[in-house]
Each structure stands twice: as C-alpha cells, then as structure tokens.
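The values are calculated or read from the model by the stated rules, or taken from the named source; none is laboratory data. Everything numeric in this text was worked out from a predicted model, so none of it was measured. Reconstructed Cβ throughout: ideal geometry from the backbone, glycine too, with neighbour counts over all protein chains shown.
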There are 4 protein chains.
Amino acid sequence: MRAFVMNGIGETGFAEKDRPEPGPTDAILRPTKALVCTSDVHTVHGAIGERENLTLGHEVVGTVDEVGDSVTDFAPGDRVVVGAITPDWGSAAAQDGHPSQSGAALGGWKFANEKDGVFAEYVHVNEADANLAPIPESVTDEEAAYVTDMMSTGFMGAEHADIPVGGTVAVFAQGPVGLMATKGADLQGAGRIFAVETVQSRQDLAKQYGADEIVDFAEGDPVEQIRERTDGEGVDAAIEALGSSETLEQCVAAVKPGGTVSNVGYHGEGEYVNLPREDWGVGMAEKDIVTGLCPGGRLRLERLLALIDSGRVDPTPMTTHEFAFENTDEAFELMESKEDGVIKPLITFE
Amino acid sequence: MRAFVMNGIGETGFAEKDRPEPGPTDAILRPTKALVCTSDVHTVHGAIGERENLTLGHEVVGTVDEVGDSVTDFAPGDRVVVGAITPDWGSAAAQDGHPSQSGAALGGWKFANEKDGVFAEYVHVNEADANLAPIPESVTDEEAAYVTDMMSTGFMGAEHADIPVGGTVAVFAQGPVGLMATKGADLQGAGRIFAVETVQSRQDLAKQYGADEIVDFAEGDPVEQIRERTDGEGVDAAIEALGSSETLEQCVAAVKPGGTVSNVGYHGEGEYVNLPREDWGVGMAEKDIVTGLCPGGRLRLERLLALIDSGRVDPTPMTTHEFAFENTDEAFELMESKEDGVIKPLITFE
Amino acid sequence: MRAFVMNGIGETGFAEKDRPEPGPTDAILRPTKALVCTSDVHTVHGAIGERENLTLGHEVVGTVDEVGDSVTDFAPGDRVVVGAITPDWGSAAAQDGHPSQSGAALGGWKFANEKDGVFAEYVHVNEADANLAPIPESVTDEEAAYVTDMMSTGFMGAEHADIPVGGTVAVFAQGPVGLMATKGADLQGAGRIFAVETVQSRQDLAKQYGADEIVDFAEGDPVEQIRERTDGEGVDAAIEALGSSETLEQCVAAVKPGGTVSNVGYHGEGEYVNLPREDWGVGMAEKDIVTGLCPGGRLRLERLLALIDSGRVDPTPMTTHEFAFENTDEAFELMESKEDGVIKPLITFE
Amino acid sequence: MRAFVMNGIGETGFAEKDRPEPGPTDAILRPTKALVCTSDVHTVHGAIGERENLTLGHEVVGTVDEVGDSVTDFAPGDRVVVGAITPDWGSAAAQDGHPSQSGAALGGWKFANEKDGVFAEYVHVNEADANLAPIPESVTDEEAAYVTDMMSTGFMGAEHADIPVGGTVAVFAQGPVGLMATKGADLQGAGRIFAVETVQSRQDLAKQYGADEIVDFAEGDPVEQIRERTDGEGVDAAIEALGSSETLEQCVAAVKPGGTVSNVGYHGEGEYVNLPREDWGVGMAEKDIVTGLCPGGRLRLERLLALIDSGRVDPTPMTTHEFAFENTDEAFELMESKEDGVIKPLITFE
C-alpha cells in the first residue's frame, strides 16, 4: 500500500508498505478523509527525534476493512472515526483518569509516533471497540475528521480552564486548536471571550466561534489590553493554544488571582517554559496551570459527534484547502509554509 | 410605604409599612421591576409556615435609595439588581462554599422568609457591597430581573448536573426554572437535551432555549421514551425542575449508571421523597443526587448579566404578562391559577 | 475441581466443576486465602435472583496458575490479589470514570454474579494485566485479601464523603465495611469521627480504626445524639454502611446543610429508599447523596496494598474466624447467623 | 503599647504605638503566644518592598480585649486564635472560592503587610466573627498558635496535591511548612511519603510526622532517587515547600504523567520560576501546577483545632526555642540565621 512518510528529520515522501494486520482486539481502517496537523510538521522538523519510514498523520475517518477476533462492536464496512490518541484502556494511567498518558508521558499518542500514522491506504487501530466510534448518518466524513483532534483538543482546553458560567476567558492564538478552544469556551458558558490574534481571517473565524472581542497583539501588549478591558482585574481563565513560553507567560499575567491557565499548546523549544514570578503571585496567587493531551476514546468521539449532529458545532469553515491523497506532499508543504491563509488542509482518499 | 403582604396562610393583600432603615453595611433599594415566583405562591399556601404581615417577593431590580456608613461600592441613584438569596458572607456555611445555607438550611433566603420581601416601595438589602450588582447599560431592568433567581437557579441545576461536553441531558418540567435549566444545559456544552413537558407553549420555549427533543409525558412514560431514544442507555444527567417525588424518581431512572441527578425543584409535600431502589442501582450505581438553592452574591449576578450583555441569553420571552405594582394581587392570582399560559408576570413600579 | 456453589435461592453446597480456561487477556488463579462477605449471603437469599450452580465468593488472594497469550505483566507462580470488581476497562462506563459500572449498572461485579466466584480451586480473571496486582513481600495473603473489597469499598465511602481536613464525620454501622469507612475517614483527615454502633466488640474495633466517639443507637436516636454533640449543627459528612432506608434517612438528617451523604450500603429491600423531605432541606439544602460500588483495578489494589505495607492499615483484627476451604459451608453459615461476634471468616486453601 | 517593628529594609526594633481601635465588625486581641515565621524575615529583607514602622508577625493566639458593635460571637476575655490570613469575606475573590486573594493577589494577607502585625501588646482583627476561632479547653495556646499558618499552609499543600488514597507523595524541604505538608499528606491518606531533606533533625521530625522514607539531596539528585525507588515511575504528587525555582523544577520532574505539583513555597527571587520543558511533558503530560496561600477563617481554624484536640496532630515538637516578648529581637535574629537547629521560635507575652 501507499503511505506518506517521514524519512529522517526534514525529509518526507511517499513509500510502499505492507498493509498492517490486526491483533485480536484491533481493526484495520480504510481512510476516506484526513486532515493535516501542525504537529505533523513539528514531527518532521525533529520534535520527537529521528524517525525513518514513519507514516505521518493522525486525524482520519474511514471505513472498517477488517477486525480482530475479539472485536465485537464493529464490522467491515462500518463508517467510523478514530481518535488521534488511542489509549491503552487497561493501563495504570487510564485507571488513574489519564488515558492519554497510558504507558508513558503522552503514551496514548501512537499514530505517527509509536507506530505508523494515517496518511496511508490502510490504518491499524488498537483496541478497536474502545477507540473507534460510529459516525451518525447526518455527519459527513469531513465533519467527523475534526473530532479526532481539533475539537477534542480545543474543547479540552476550555474544559480544563474551569470557566465559571458567565465568566471571562482569553484564548491566546486562533489556529485551529485555538479556534476550537474559543468554541469550547462558548460551550462552557463563558460570558465574555477574548480571542488573541492578529490575522484577520482567523479573527473572523474566532468571532464565528463565539469570541466577543478580538485582542490584536499587533496593536499592543495583549495582557495590557485585557487588563484595560476588564477594569484592571484580568480574566477568570486563559487558554494557551500556541505553545510558546512567551504566550504562557501572558496567560499567567492575564488571569486574575484565583484564575486558571489551561495549556493546550505543544511547547517544542527551549530548555524551560517560564512562569513570570511576580505575575504568578510568587506562587501563592492561586493561578493554577492545567495541562493535557487530546482526549481519545469512543465515548469522547461520540459526544463530540453529537455536538455536530445537533448543529451546535460546524468545524468545516476551518477547511481552507483540499487535496487528493496523492498530493499529500503539497498539503504538507502548505501546512509548513502557513501560506495562503491555511488553517486546515483536507485530504481525500479515492 | 405600600407593600404586598401575606397575612396568614392563604391570605394576601396590600399594607402600609415603615420604610426600612439601613445598618452600616446595608442598602435601601427603590424597585423598578419585579417578577412573581411560584415559590411566593407556595409561601402563601403555608410552605414555610404561618406568617403575618410579611411582604412577599424576592426577584427585584431598582435604584439605590440609601446606603449604610460602611458601604463603599454603591451610592444612591445606582441602577442595581439584588439576588433572591442574600447570604451572610462571613458565616461558616459561606466559608465552607455553601453561602446559600448561611446560618441555617436555606439561610441565605431572607426575602419574604426571614424578613420582608421586595413587593414594596422600599427594600432592605443586607451586605450591600456583596449582594448588589450594578447593571450594565445595555441590559434592561426587565432582563436584569431574571438573573436574581430564574437564571441563577436554572443554570445552577445544569452546573450541578456535571454534564460532559457533548453529553445527554433530560430536564424534567419546563416552567421558568426548567427553561433556564435547559438553557443552562446548553451553556454547559450538552450535545443532546431532552425537555420533558406537555404544554405546547413551554415546549416551544424549551426549543428556543436549546432543547433538541421534546419528551411529552402525556404520550407515555417519559423514562421509557428517554431510554428508547438513547438505545436503552439513559442520559448522562437529569435535572428535576418541578419539585415532586415522582419526577425525582423519573430522573433517577432516566440517568445511566454513573450519571447525575440534579435537583432544583422545591419539594413541598409529603413526609418523604422517594428513591426507586432498583432504578437507583441498590445504592451502588453511582447515580449521585446533587441539590442546591439559588446562588446569590454580586459576582454571580455580574456573571449572569454578562451572559445577557453578550447576547447569549435572552430571558424576556418568559415574560408572559405585565402588571403595575398596584395590581400585584392580580399578578399573584394569575401565578396561583397558572392560567392563560403564564410563565412569569412582570411587575412595574412607577 | 471443587467449588462452593449456590444451587437456587436458599441452597448452597459443594460441587465438582471444570477448571476454567483463560482467553487471550485472562488469567487463572489458584486461591490461597479468601474471605466470606455478607453480600454472598444476600446473593444466596435471592438478592440478584435465581441462580443455579453458581460458585460463590469474590474476595480472594492466590497464585497465578496460567495466563492468556496477550497477558504481559504476570506469569504462573506470581503471588497476586484480584479485585472483587473486575471492570472491562475499555467500556464506555470506564472511559467515563465509572469502571465499576462497565457494561451495565454494577457491571464490573462479575464474580458470583455474571460468572463463577472465587470459592473454588481455580478462578478465572478477566483482563489480568489490569485487574490483578502483585503482592509486596511484606504483606501477607490474609492482609491482601482485605484490599479486594473491604478496604476498597470502605475507603471509597470516605473518599466520596468529601471530608474537609479536620471535619466531622458519622459512620453508620461498624460491620467490616463500616469499620473500613471509619478508617477511611481517618485517612481522609477527619477531625472527629462518630461511629454509630451498638455491639461492644465492633465499638472497640471502631475506636482502633480511628473513631473518636461512639454513638450507641440503643441509647437513643443517633441523629439526636450527633446533633447534641455538635452543638445542634450536624456533621460535615455521613457514611451509610448498612444498606437500609432507615439508616440513609438518619444520614440525611445528621449532616449539616452543605454536607455530604456517602452511601456504601447495599440496599436490598423495599420498593423505595426514602429521603426525609424536611431533613433533606426540601431538596435545596445542598445535602448531596453520593453512591458507589467497590473500585477495582490493579492501580487501586496496589495503592491499598501500600497502606498495609507502610503500616498505616492493619485489617487483620477483623478476621474473627478461620476455616479450611472444605469447611466453607460452616463459614458461610456463620456469616448468615452473624453469631459468635463474627466480622470476617477467613478461608484457607491447602 | 510596645511593638516589634520593621523600620525600612534590613532594620528592626521595638517601638511605641497607639493601641488600635476596633471598627463595628472588628476585635482587639491581647496576645499570649506568637510564633516567628520565615516570611517575617523575608519581609524585613524587602520581599514586599520598603516599609516604615510596620509591626511584624502574623501567627498569634490571645484573649479578646474589645469587640466592635456588630460583633456577635465573641466577647472580651474569650481565648481565641486568629488566622495569619484574615480575608474580606464579602469580596469577589471570596465569593469565587479564593478568600485568601480577597481584594488583590494575596489580599487576605493583612498582618505585617497591609496593616500592623501581631508582635505587639494589642492586635487589630478585621471581621472578627469570621476570622477568630475559640480555642477548645484541651488545646494549649502554644498548640493553637500553629493552626494560624503552619498547619493551615502545610495541610493546604497536601490538599492541593490531589493525593489518591494509598498514593505516593514527595515533599520537598522539611522546614515547618514542609513538615506540616508531610503530616498533611499523611492525613490525606498517602501510602508512601518521601521527605526530601538533608538536615538530620528535620529528617527525624519528618518521620515523626508520617514520612516513610527520607530523600537526602546531599546524597544525590533527589529526582533520580525518587525515580529509582518508584521503579522509574515517579510519584503521584509533589509538594514544593521551599520556594525556589530549582525545587519546583524537581517537583515537576518527580511526578509521573498525570501527577500534581502543589506549590506552597514563597518564590522570592528571580524574574522567572522555570518549568523544565521536557520533564513537564512539553505542556501535555497532565502535570498540573496548583498554588495557594494559607487559608484563613474561623471554620478552617476550628477544623485544624479539632485535629489537635483529637490527638491526631501535635505541632509542638516544632517549637525549638522560646523567648519572652521583650526578646522578640533575639527570636527574630535566630530565625534569620537559621542557627542552632531552629524550626520555630515561640514568643510568650506576660
């Protein structure tokens, strides 16, 4: 089968591989739609180290092609979505309420990390009964592709932010995860959402997803702007959706004492991420910092699909570009260059 | 001053009273708008026992007329709203995170219970700095009147229900509190909301406030209907917004194992409220029962006002009738009879 | 192999059965020690309906005899303990944080319910890697047998009770689960623990496990006694460890507004469990009722073993009687009669 | 009256001051015992900036000398303790569940910060009904002095650490707050507590307060030692009780994915407190960082006193030195030098 792979740091291309085989609890998926993620780009740039012939991609929708002997809930032909994170549900971390950390830090992240990813003609899914979800008829494949990571991760950012009903929230950066964090804050009952962003098209989408006000950091320090608009108080919660120390520092500064900083950004650089000592209240201002990795699992996927099914969330405005599978290299380059106003490139398998 | 009072069980009428005086931390409010609540009717019917010359009403908006010496944040002329519940913020219960229970069970409920209520030309407010909130310019007095109780109580019902993002919720009864519980479930990120109600106009409002499906109990056992529509599973959360043992039993039966029953109804009758032993999973199915009394306090009020201010909530469709203060008796009778499709009668002070 | 079974309601006896076979993720255990539980008695009396040739028992320790092909963490000869509850960790309920409810209400309870129990020469364990735990050298088999249910269930009662550090707790009934709830309250930082019990030997054990004061219900209404000793306030938390409506009512009455009632008792009788309407604060006093079924899983077992290993908990004073496996019928009769001051009978396999 | 004051950075001495007067809700306390705290030393060294004629000290026990007109629960002659933190209970932060942040970051900290402290013949207490607690007869003044800060702060460190029953905890630094965090972890049901400390006398006290194992950082990297003793896994929770970036980094590294870092240390130096990017799991390993300031309030104090009253906690082994009030300067110098094995110096007023 054909797969789009990483061949060492900085190198990508197509390769021929054997179709994977399912173990007793696994399934093999035949993709129909996939999305390219910025973390695929990070991976190729070396974020998780040197890798050879590793199939890329972790956001995918498709049909079941084959299931292992112990799989009871799915059968070939079923239209399904699989989470970007596919935990080992019996692991100690999962028993402890942290399935995304199963086996190790970030251990639930298997696609294009521990094993081949989803930019391929066939995809291997572990613990299929627990990690696949059927797609309701009313939900399209494209829509469903967004629950794998963007909606699950972005909404998690808002869930972790402990937003009081009617509370104030600032979401730092409005890429696809930030946009879904903005929508997530709206779904958590926020009363006033500040979207920190300077790109016009992303500002527009942020408003569409529930932002009440834009904080354009090109027009001045975003923390100062947020403080000014909140009578000097700061916000109840701030969500870091970029992955830089500077942005996390701004989040810490932007929340009021007793507020929560929710990190969803992947911090890919530097030895340290810094907490600004004074703005952090010398470690005593009850500004907690909560982190997480995209929740996976059938139940999570089904609940996110219900939000699409009921019309509460439409993720498709984030699809800015479309490519056939054989042009995944172009989709990938676009994601790398961040040109042409790209938010998410959609891949279609024939 | 003129006040609309309870004169013993079953008796109401207007009376002349002295204008109240503020203590050092108190304020005197001059009402502009008020709403009649079903619990006022319960009170007159004897729910809290015999009372003489007790001014009724607890949902009010107005202007500050006078403040005590220690009040720092408000001044005469300020347009403000006061919560139906006005806790003693230094009490042990408030320190314990239960301000509505300050001093005793339901002890934060002072208006028309421990002291005179708000259907009067002047209203006494305890701990004014903590229990009043300024009203934003963009919010009308009528809108603001809904944050005192209906929005605060109904939303609490949803907050207590521990609704997962995209989860399923059933809200039992769509009176004004139930409608706000429905909206509250929507604001908590529910993916599918069942509104249990048989009256057409309330069903219509429920849909307007976020209900995805109506469960009409005139068409069969609501629990059976909910189970059928959820593949036999039941819902993640059920909200009791009526105050009857039968409805609570249905809530217990309607939630799945691990689900939450959130009670907001006032249970006014009978020696016991019953838990159905088997549907409750013999006390081991992790079907928790959470209860609460309307949260008060300035911060809560401000956050609820922000939801109106930002356009997320419009409570005014619940205003079905309007009366001048001198006709409060008619408003009260209407609320008692529940005729003419009444949901909330609005009182206007000249 | 030999097994002690239920043969219809009210009938028990020994039977010969085939040794169970492991599926790919299962293990077969050879018991060394087991404990008899009152719920075994309930089962024989018909609590879960008619059963034929069902091996009884669910509290067991032993050595691994055989493992399935996919089991990675255990091998024949390992000294292990298995939880009374053995969840399906990939189930929707487990993904939702309720593993004991996997598949159905109480669905994690498989031993002597969905399948044969542990009073047999060989025992089948599902998802062995997730449901077995190795026993530290310093912990005896007898001690380890208590983590399967008594410690896990009793401590859960205290964990669910949301006990503030230094808070007041009343534990209703001091059978083995109640005693462990008392110890659990002590481990949660309670400042004052009332043990409600009338039997002298249980009162003595309760004190040994951390009770500060005994409330003897033979000497008067326990709720009145608790109120008197708390200046009329009631307690922060009450734990129901008997399983009767009357006791649950007392718990509701004994907690202060804002307090928590934690149910661990199995409610085996009657159509309803009753909440006393007024003492429950008409559904508005923030007296929540939390329920649960014994948590299982390797992580839980390991943590409970750590409490024994570190000397914090010694469960063996609860062993009042010992029997050889071939006399399990006598142990069972003793548990049924509750004579001779029995708390827990220990079964030894040769 | 006589007071021990700060006279600019680095300067301390005795001064004559006017006795404070109570407002309507305040009380005046006449101290009997007080404790010197390392944060008093930080203050004198400039941690909160330049101050002139500021009475030092915030841990005190005494008798009520006078109360304001609105105080209802206390009267002259009552033996009472006042929290180091005396919140404004009606403030927005307190309504939001963060009373220690009332009015501003760390705003509940008034003694020797916003107003005169407690090393004086008379002490002013705001909101007396909410911030004083009566001392049970069985509790000595010396014992009670420890609930004001050391027990409240240290136990908070453990409460924030979200310790599972039987879980593993590492407490970094065994000064008086660290010792109480160790005891707090024990009171939260930890199964295995590592106390990180190199001073023998503090190691001994740590064991007395519940530590199972000592990690002596003079014998090697404490993180490596903790990982080795936990099979490479790390601990469920780590408590920072020193206030240095290096220690916080170690806490982040020592916890397993999904674990919690609870900060109680005052971070007094540097522009940043650093999170080690990789050990922090690139912001995705669910290693949350929780912070707090000593909880105050009557209810908290009463609950901590109950732990002493019931014999669960004996703080007096931390009293290493005793001084008369007129020698507070010597006590202060000792705390500054940290010589002679000092943990807490006790001040006695005649």
Query - Qualifying residues in segment B:214-256 (those that are within 13 Å of chain C (Cβ to nearest Cβ) and at positive phi) - the one nearest to the chain's Cα centre (by Cα) - result: B:Gly243
Report task. Name every residue in segment A:75-91 that is over 15 Å from A:Glu114 (Cβ atoms) and within 22 Å of the chain's Cα centre (by Cα), in order of residue number. Result -> A:Arg79, A:Val80, A:Val81, A:Trp89
Query - Single condition A:Gln225 does not satisfy, out of (1) part of a helix (DSSP H, G or I); (2) closer than 16 Å to A:Ala190 by Cβ; (3) of a type outside the set (Phe, Trp, Tyr) - result: (2)
Query raised in the report: Where in segment C:52-147 are the helices (runs of 4 or more DSSP H), entirely inside, with at least 3 residues that are of a type in the set (Gly, Ala, Ser) and buried (at least 22 other Cβ atoms within 10 Å of the Cβ)?
Result: none
Query raised in the report: Does segment A:83-100 contain any residue that is closer than 27 Å to B:Gly184 by Cα and among the charged types (D, E, K, R)?
Result: no
Query raised in the report: For segment C:315-331, which residues satisfy the criterion of being touching a helix residue (DSSP H, G or I) at 6+ places or on another chain (Cβ under 7 Å), away from every other protein chain (no Cβ under 14 Å) and touching a residue at least 60 places away in the same chain (Cβ under 8 Å)?
Result: C:Thr316, C:Pro317, C:Met318, C:Thr319
**Report entry** Which numbered condition C:Glu127 misses (of (1) closer than 30 Å to A:Gly296 by Cβ; (2) charged (D, E, K, R); (3) without any contact (Cβ under 8 Å) to a residue 60 or more places away in the chain)
**Finding:** (3)
Report task. Answer with yes or no whether D:Ser152 is among the small types (Gly, Ala, Ser), touching a residue at least 60 places away in the same chain (Cβ under 8 Å) and surrounded by fewer than 24 Cβ atoms within 10 Å (Cβ to Cβ). Result -> no
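Tell me, please, whether a residue that is assigned to a loop (DSSP other than H, G, I, E, B), over 22 Å from A:Val177 (Cα atoms), of a type outside the set (Phe, Trp, Tyr) and in the same structural domain as A:Arg303 (by TED's automatic domain parsing) can be found in segment A:25-43.
For segment A:25-43, residues assigned to a loop (DSSP other than H, G, I, E, B), over 22 Å from A:Val177 (Cα atoms), of a type outside the set (Phe, Trp, Tyr) and in the same structural domain as A:Arg303 (by TED's automatic domain parsing): present.
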Query raised in the report: Which residues, counting only those in segment B:111-160, are within 21 Å of B:Ser39 (Cβ to Cβ) and more than 19 Å from the chain's Cα centre (by Cα)?
Result: B:Ala120, B:Val123, B:His124, B:Asn126
**Report entry** Breaking point among (1) in contact (Cβ under 8 Å) with a residue 40 or more places away in the chain; (2) under 30 Å from A:Val261 (Cβ atoms); (3) not hydrophobic (A, V, I, L, M, F, W, C), for A:His98
**Finding:** (1)
Query raised in the report: What residue, of A:Ala206, A:Ala190, A:Ala195, is modelled with pLDDT of 95 or more, buried (at least 24 other Cβ atoms within 10 Å of the Cβ) and closer than 14 Å to A:Cys251 by Cβ?
Result: A:Ala195
Report summary line: Scanning segment B:292-328 residue by residue, those of a type in the set (D, E, K, R) and in contact with a Gly (Cβ under 6 Å, 6 or more places away or on another chain) turn out to be B:Arg303
Query - Number of the condition not met by B:Ile28 [criteria: (1) surrounded by fewer than 24 Cβ atoms within 10 Å (Cβ to Cβ); (2) within 14 Å of chain D (Cβ to nearest Cβ)] - result: (2)
**Report entry** Residue list for segment C:257-273, restricted to those being part of a strand (DSSP E or B) and either more than 8 Å from chain B (Cβ to nearest Cβ) or hydrophobic (A, V, I, L, M, F, W, C) (or both)
**Finding:** C:Gly259, C:Thr260, C:Val261, C:Ser262, C:Val273
Query raised in the report: Could you say whether any residue in segment A:270-278 is over 20 Å from the mean Cα position of the chain (by Cα), at pLDDT 95 or above and surrounded by 24 or more Cβ atoms within 10 Å (Cβ to Cβ)?
Result: yes
Report summary line: The lone condition C:Leu304 fails out of (1) surrounded by fewer than 17 Cβ atoms within 10 Å (Cβ to Cβ); (2) within 14 Å of chain D (Cβ to nearest Cβ) is (1)
Requested in this report: Look through B:Ala237, B:Ala181 and report the one residue that is touching a residue at least 40 places away in the same chain (Cβ under 8 Å), small (Gly, Ala, Ser), part of a helix (DSSP H, G or I) and not assigned by TED's automatic domain parsing to the domain that holds B:Val313.
Outcome: B:Ala181
Requested in this report: Scan (1) more than 13 Å from chain C (Cβ to nearest Cβ); (2) free of Cβ contacts under 8 Å to residues at least 24 places away in the same chain; (3) not β-branched (Val, Ile, Thr) for the single condition D:Gly311 breaks and write down its number.
Outcome: (1)
Query raised in the report: Checking B:Asp73 against (1) in contact (Cβ under 8 Å) with a residue 12 or more places away in the chain; (2) within 14 Å of chain D (Cβ to nearest Cβ); (3) on the phi > 0 side of the Ramachandran plot, which test does it fail?
Result: (3)
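So that you can scan it fast, the table gives a plain yes or no per residue for (1) surrounded by fewer than 23 Cβ atoms within 10 Å (Cβ to Cβ); (2) at pLDDT below 95; (3) not basic (Lys, Arg):
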{"site": "B:Ile226", "(1), (2), (3)": "no, no, yes"}
{"site": "B:Glu240", "(1), (2), (3)": "no, no, yes"}
{"site": "B:Ser244", "(1), (2), (3)": "yes, no, yes"}
{"site": "B:Gln250", "(1), (2), (3)": "no, no, yes"}
{"site": "B:Gly268", "(1), (2), (3)": "yes, yes, yes"}
{"site": "B:Glu286", "(1), (2), (3)": "no, no, yes"}
{"site": "B:Thr328", "(1), (2), (3)": "no, no, yes"}
Report summary line: If we ask which residues in segment C:61-70 are at the interface with chain A (Cβ under 9 Å from one of its Cβ atoms) and within 24 Å of the chain's Cα centre (by Cα), their number turns out to be 0
Report summary line: The lone condition A:Val177 fails out of (1) farther than 20 Å from A:Ala94 by Cα; (2) more than 10 Å from every other protein chain (Cβ to nearest Cβ); (3) more than 17 Å from the chain's Cα centre (by Cα) is (3)
